[in-house]
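The values are calculated or read from the model by the stated rules, or taken from the named source; none is laboratory data. Small disclaimer: the values here were computed from a predicted structure and weren't measured. As a convention, Cβ positions derive from the backbone with ideal geometry for all residues, glycine included, and neighbour counts pool all protein chains shown.
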Amino acid sequence: MLRAAKPARRVVIAQAIALLRHGVRPRLPAVWVLSLLVCHCPPMRQCWRLRIGMMMIKLLMSSRWYLWFTFSILITSIGSGLTAVAVFGALSKTAANPSDFALTFSMSVVPTLFSSEIGKYLGKWYRPFSVLIAAEIAGALSLLLPFYALETANVQMLSMALALPGLCTGLAVSAYHLINKRGFGEADYLHLARIETITFSAIAIVGTGIGGVLYPLLSSLLYFAIDALSYLLSLACLLYARSLIVDAALDRIDQETVVKLRFFSLRPDKKAILMIMPMLTLIAAPAMALLPVKGMEFNDFNVLGLIINPVLILLFARCLGQLIGPLLTSQSMVDRVFHSAPGKSLLGLGFFLMYLFAFYTRHLPLLILAVILAHVFSNILFAVSYSTMLTYFSEDEIGAASVFSYQSTTLILALMSLPPGFYANQYGLVSAMLIFSFPAVILMMAVFGRLKPGPELSVIS
């Protein structure tokens, strides 16, 4: 392998081998060495998943401000996971109906409809990082509502408990996407989509995992003190990330630029991008709202002396699938799926079929596997949606485009979460999926059959 390599590459490979096998400190930074090794060694070049991981690491390490920015979002996601675990865990211990779970899920997203619009207009007077910092402070204060709900153990209060944290989440939407658009170029957009998914999947992988362990062991006061600490740590990372920014244009105020998108006047490719997540959400909303109800069919079980609630296991499985999906994508896959109406529709159909099976089966391992696969399918679509949005929409448009997608998705979640819950009270989960999600699959096929992007991916500057 060394003989076949060019002279310049031999040094890189030799240093990487020394690093990996003998513990010798190389003259180049470790991340550079490993990245170049992946790019220049044919056997490792074939392992495209390893290349994807190294490219993401290079992206993080090449921009110190973005590394700390990502840490901030990651820690916030963990805090959100802790909050959700406490609320749904407490709700599962009460005599809650499927409609109560659906209402809780709906109330966690409805406030973001209004706060995301407020966040978009705050960008007219405040810097993006300032908006994010304000959202973190408000998020820490918003924990008072779920803390009070757990202390009272009232089903109605628990159903409303996630409303304030959701309101604070929406404030950050426009600023977050605008920073990503300004900070990177087209070649990085797919990696940004993967990184975003990984950070938000930490809600389950870390947040739900830690929450599932700590929730039965700690008092509500101590539990939410740890939750509030996560917001303060995230705030510290955000402040440090802003201090590392060299390009002042990244955090500037655009007073003259508040773009309003008129959907029906957009080109078909932009319409298709904005419709991916709403169409997927029409299919997914009933499943996501009713998933905790399925967990209540199983008894708690003991793992290493810890009592594990099946509801929390299913929430964990959901976000594990969200983590895996984008890691399976490549830029060529994104292009193929985006330009293929059947490709997008088949992923939506796959999500529906997996949840239909999940709500039918009585075996917990099969249920967990079906939930993971469903969210692998849905988050491949998410990666397609996010990376193409950053590519097709200009810097002036990206804030409005991200808010449009977020608000339409949130509105659908809010409207389509409650009816399946009330219907499932009487007729069961499988019937609710067939009545509410299957027509959405047909609608998705029809919409993407009409909205056909051009054959080439064009960047709008």
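Structure above, values below:
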quantity	calculated
Pairs where the first residue, in segment 308-325, is on the phi > 0 side of the Ramachandran plot and assigned by TED's automatic domain parsing to the domain that holds F359 and the second is in a helix (DSSP H, G or I) and modelled with pLDDT under 80, C-beta under 8 Å, 6+ apart	none
Identity of the residue in segment 326-362, part of a helix (DSSP H, G or I) and basic (K, R), that ends up farthest from F377 (Cα to Cα)	R336
Segment 109-145, subset surrounded by 17 or more Cβ atoms within 10 Å (Cβ to Cβ) and basic (K, R), residue farthest from I412 (Cα to Cα)	R127
Condition check for A140: modelled with pLDDT of 80 or more and either of a type in the set (A, V, I, L, M) or touching a strand residue (DSSP E or B) at 6+ places or on another chain (Cβ under 7 Å) (or both)	yes
Qualifying residue in segment 325-346 (condition: surrounded by fewer than 22 Cβ atoms within 10 Å (Cβ to Cβ) and closer than 28 Å to M107 by Cα)	no
Subset tally (residues that are out of contact with any Leu (no Cβ under 9 Å at 6 or more places or on another chain) and crowded, with 19+ Cβ neighbours inside 10 Å) for segment 347-358	1
Boolean, S106 is among the polar types (S, T, N, Q), over 26 Å from L229 (Cβ atoms) and in contact with a Ser or Thr (Cβ under 9 Å, 6 or more places away or on another chain)	yes
Residue under evaluation F105, criteria (1) modelled with pLDDT under 80; (2) over 26 Å from L429 (Cβ atoms), criterion not met	(2)
Filtered residues of segment 397-432 (kept if of a type in the set (A, V, I, L, M) and under 30 Å from F263 (Cα atoms))	I398, A400, A401, V403, L411, I412, L413, A414, L415, M416, L418
Evaluation of S408 against (1) crowded, with 21+ Cβ neighbours inside 10 Å; (2) closer than 19 Å to S265 by Cα; (3) within 17 Å of the chain's Cα centre (by Cα); (4) of a type outside the set (D, E, K, R) (one fails), failing number	(1)
Positions within segment 360-399 being over 20 Å from the mean Cα position of the chain (by Cα), surrounded by fewer than 24 Cβ atoms within 10 Å (Cβ to Cβ) and farther than 26 Å from D335 by Cβ, in sequence order	Y360, T361, R362, H363, L364, P365, L366
